[in-house]
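The block underneath contains the structure these notes are about, expressed in structure tokens.
The values are calculated or read from the model by the stated rules, or taken from the named source; none is laboratory data. Because the structure is predicted, anything quoted here is derived from the model rather than measured. Quick reminder, even Gly has a Cβ in these numbers, built from the backbone with ideal geometry, and neighbours come from all protein chains shown.
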Amino acid sequence: MASGERMDNHREVVERLRSAFRSGVTIPEQFRRAQLTKLKSLLKDNEEQIVKALHEDLAKPKFEAIIAEVDLLDAAGVCRQNLATKLDDCFVRREPLGVVLIIGPWNYPLQLLLTPLVAAISAGNCVIIKPSEVSAATDKLVAELIPKYLSQDCYAVVRGGAEETMGLLQNRFDHIFYTGSQNVARSILQAASIHLTPVTLELGGKCPCFIYGRVNITSAARRLVWAKFFNAGQSCVAPDYVLCTKAMRDALLPAIRETLEDFYSKEPQKNADLPRIVSLRHWNRLMELLGKTSGKVVVGGESDREDKYIAPTVVVDVAEDDALMAEEIFGPILPILTIESLEEGIDIINRKEKPLALYVFSDESSLVTRVMEKTSSGGFCSNDGIIHMTLPGLPFGGVGASGWGSYHGRWGFETFSHQRACMLRGWALERLNGLRYPPYTDDKLSWLRWTASPKSCSIM
């Protein structure tokens, strides 16, 4: 199919959805509830196929697929609570934006595509979703299932690679929601700027894990290992590197080794609970990073190209300018940087771009508070990793280079809504309105200033 034909097809899809939106079909609460119920049925009816597709793409074990992709999508119930708006003479009316585009990533190819879809449906929008072609099995399954369960007039799936995505972006949307890399985000912003389309960016960055002061070493190791190697480290909120003293590092390493053996056995490559790298291109990138480091591999390091396998790996003696510190790792490689003081660690964090998440492991609450107050990040969690993003009551999003905007629960509903300020006025008190009409006098000005003062109630 020629590029122009693809663009025409995308334009037809966009116009079909825009026509449906203008008809008002997505506005009634009953319609939104019905679509969300069908989306939940999609997950329930096809759980086995979903788990199979995720395993084919990333070798995700069933447990990880269920808790991180399927069960997290039950946020629909949270969104449904936000549909009603209390009317008054002066009020804020939440209105759908129109036709929105959601572009999903490959690392959690279902959850990170459908969670914003839930929010967009809840807010009353028509939606085009673009799954990642990298996670091919999930991409194919989503394209098959969505039209079977949701209104084809209001929701569509567009498949393809970078060329198809850029062609799609030439159309005008009312909002674009993108989860992925910073490099691609720049291209999306350029395309969106032509139409002045607002954009939500869920990116990533190098999420630090600060381990300092009094710490339960065994618990810290278990929580760090789980958060880092869940999904083989292919999580935007995974701890990217550790900051600790040499003494802490020496105490932590034996606990990490013991935890890895406990979690994944002495032969982790044969363990079904450890996922694989998504593609050979990503495997090659990670192995190149590992080959460039000046640090010392003290745990793991084994790999198998054909199996797209990299063992859970820990690297020590890593400098701030090391190859492993130049970009987000996004894989099962954990560098440890040693520091002499709390302030040195804070300075290292603040010299880098603001991360999507920042973790502090410490039993000292004053220390945790100090790091929280002296740094900036999309999210913050003490004594654990990743868990904060599972709570729909908390907004999830980045700051600066790690993302723009937030979602989850109510926050997603707001992201896909326009907060329209409304005032419904009658014709009473027209004589008093004369204060604002010409001819202007000092007396009128005095009265107007009094009516606008905090101690008065404006009658205008």
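Filtering the stretch 432-458 to residues that are exposed (fewer than 10 other Cβ atoms within 10 Å of the Cβ), of a type in the set (S, T, N, Q) and modelled with pLDDT of 80 or more leaves nothing. Scanning the stretch 225-240 for residues that are surrounded by fewer than 24 Cβ atoms within 10 Å (Cβ to Cβ) and either within 13 Å of Y359 (Cα to Cα) or of a type in the set (D, E, K, R) (or both) yields one hit, A227.
Checking the stated criteria, L274 turns out not to satisfy the condition of being at pLDDT 95 or above, closer than 19 Å to M325 by Cβ and surrounded by 15 or more Cβ atoms within 10 Å (Cβ to Cβ). Looking across the stretch 174-184, just one residue is part of a loop (DSSP other than H, G, I, E, B), under 19 Å from the mean Cα position of the chain (by Cα) and under 24 Å from A123 (Cα atoms), and that is G180.
Test L243 against the stated conditions and say whether it is in contact with a Gly (Cβ under 7 Å, 6 or more places away or on another chain), in a strand (DSSP E or B), over 26 Å from S132 (Cβ atoms) and not hydroxyl-bearing (S, T, Y).
yes
Within the set G167, G180, the sole residue that is crowded, with 19+ Cβ neighbours inside 10 Å, small (G, A, S), under 12 Å from G104 (Cα atoms) and assigned by TED's automatic domain parsing to the domain that holds L141 turns out to be G180.
For G213, state whether it is in the same structural domain as E320 (by TED's automatic domain parsing), of a type in the set (G, A, S) and in contact (Cβ under 8 Å) with a residue 60 or more places away in the chain.
The answer is yes for G213.
Between E258, E288, E320, the distinction of being in contact (Cβ under 8 Å) with a residue 24 or more places away in the chain, assigned to a helix (DSSP H, G or I) and exposed (fewer than 15 other Cβ atoms within 10 Å of the Cβ) belongs to E258 only. Got at least one residue in the stretch 87-103 being of a type outside the set (D, E, K, R), under 16 Å from T390 (Cα atoms) and modelled with pLDDT under 95? Looking through the stretch 87-103, none of the residues is of a type outside the set (D, E, K, R), under 16 Å from T390 (Cα atoms) and modelled with pLDDT under 95.
When the stretch 348-359 is examined, which residues are found to be part of a helix (DSSP H, G or I) and either modelled with pLDDT under 95 or small (G, A, S) (or both)? N350, R351, listed by residue number.
For the stretch 264-277, state whether one or more residues are out of contact with any Phe, Trp or Tyr (no Cβ under 9 Å at 6 or more places or on another chain), touching a residue at least 12 places away in the same chain (Cβ under 8 Å) and either in a helix (DSSP H, G or I) or closer than 17 Å to V315 by Cβ (or both). No, there is no match, as no residue in the stretch 264-277 is out of contact with any Phe, Trp or Tyr (no Cβ under 9 Å at 6 or more places or on another chain), touching a residue at least 12 places away in the same chain (Cβ under 8 Å) and either in a helix (DSSP H, G or I) or closer than 17 Å to V315 by Cβ (or both). Taking the criterion of being more than 25 Å from H282 (Cβ to Cβ) and out of contact with any Pro (no Cβ under 9 Å at 6 or more places or on another chain), the residues of the stretch 200-217 that qualify are F210, I211, Y212, G213, R214, V215, N216.
Looking only at residues of the stretch 54-65 that are over 20 Å from W283 (Cβ atoms) and touching a residue at least 12 places away in the same chain (Cβ under 8 Å), we find that the one that is farthest from the chain's Cα centre (by Cα) is F63. For G331, the requirement of being farther than 23 Å from P254 by Cα and either surrounded by fewer than 19 Cβ atoms within 10 Å (Cβ to Cβ) or not aliphatic (A, V, I, L, M) (or both) is not met.
Filtered by the rule that a residue be of a type in the set (A, V, I, L, M) and touching a residue at least 60 places away in the same chain (Cβ under 8 Å), the stretch 347-386 gives I348, I349, L356, A357, L358, V360, L367, V371, I386.
A single entry from S132, S187, S193, S151 fulfils the requirement of being touching a residue at least 12 places away in the same chain (Cβ under 8 Å) and in a helix (DSSP H, G or I): S187.
Based on this model, can you work out whether D250 counts as surrounded by fewer than 22 Cβ atoms within 10 Å (Cβ to Cβ) and over 30 Å from V127 (Cα atoms)? Yes; evaluated as a whole, the condition is true for this residue. Listed by position, the helices (runs of 4 or more DSSP H) inside the stretch 360-460 whose residues that are under 20 Å from the mean Cα position of the chain (by Cα) and not assigned by TED's automatic domain parsing to the domain that holds R223 number at least 3 are 410-415.
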